[in-house]
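The values are calculated or read from the model by the stated rules, or taken from the named source; none is laboratory data. Remember, it's a predicted structure, so these values are computed and weren't measured experimentally. Cβ coordinates were reconstructed from backbone atoms using ideal geometry, including for glycine residues, and neighbour counts include every protein chain displayed.
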Amino acid sequence: MRMDKYLWAIRVFKTRSEAADACRSSRVKINGQDVKPSREVRKGDTIVVRKGSVYYSYLVIEPVDKRQPAKDVSLYASDITPAEEYAKLEQPRETVVIYRRKGTGRPTKKERRQLDQIMNLNE
């Protein structure tokens, strides 16, 4: 069973091409080693997939090549991702958006200090 096909079948990625791209860009590891999309998946392998800042871990229960319904995924893969990784998803993301009128150019030193003060960068 191919790695890209398996990741698509257990619904880690929405498309098989996304799974293949992730393998090619070293975001997928089996037992600690980078893999190619064509790497064979075997029963008992541990797969680690990086999506954003979170590392998801899966234990292969049974290789499967056809896309499975979400309720049946647990028959083929076990999610062994640590709770600390899921906690990364809950971290608040602060976004400060400051609008400037079009055509005003770059901020002056005084405006820059005011922006820094608003964003608490000057403390």
Within region 53-87, the residues that are of a type in the set (D, E, K, R) and closer than 22 Å to Glu40 by Cα are Glu62, Asp65, Lys66, Arg67, Asp72, Asp79
Per-region count, region 83-117, residues among the β-branched types (Val, Ile, Thr) and either under 15 Å from Ser53 (Cβ atoms) or at pLDDT 80 or above (or both): 2
The residue from Arg67, Arg11 that alone is more than 30 Å from Gln117 (Cα to Cα) and without any contact (Cβ under 8 Å) to a residue 60 or more places away in the chain is Arg67
Every listed condition ((1) of a type in the set (Gly, Ala, Ser); (2) free of Cβ contacts under 8 Å to residues at least 40 places away in the same chain; (3) touching a strand residue (DSSP E or B) at 6+ places or on another chain (Cβ under 7 Å)) holds for Ala77 save (2)
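Of all residues in region 37-69, which are closer than 22 Å to Glu90 by Cβ and out of contact with any Pro (no Cβ under 8 Å at 6 or more places or on another chain)? Reasoning before the result, please.
As a first pass, look at region 37-69 and keep what is closer than 22 Å to Glu90 by Cβ: 48-58.
Residues satisfying the conditions are Val48, Val49, Arg50, Lys51, Gly52, Ser53, Val54, Tyr55, Tyr56, Tyr58.
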Of the residues in region 7-41 that are over 14 Å from the mean Cα position of the chain (by Cα) and within 16 Å of Ser74 (Cα to Cα), the one that is surrounded by the most Cβ atoms within 10 Å (Cβ to Cβ) is Ile10
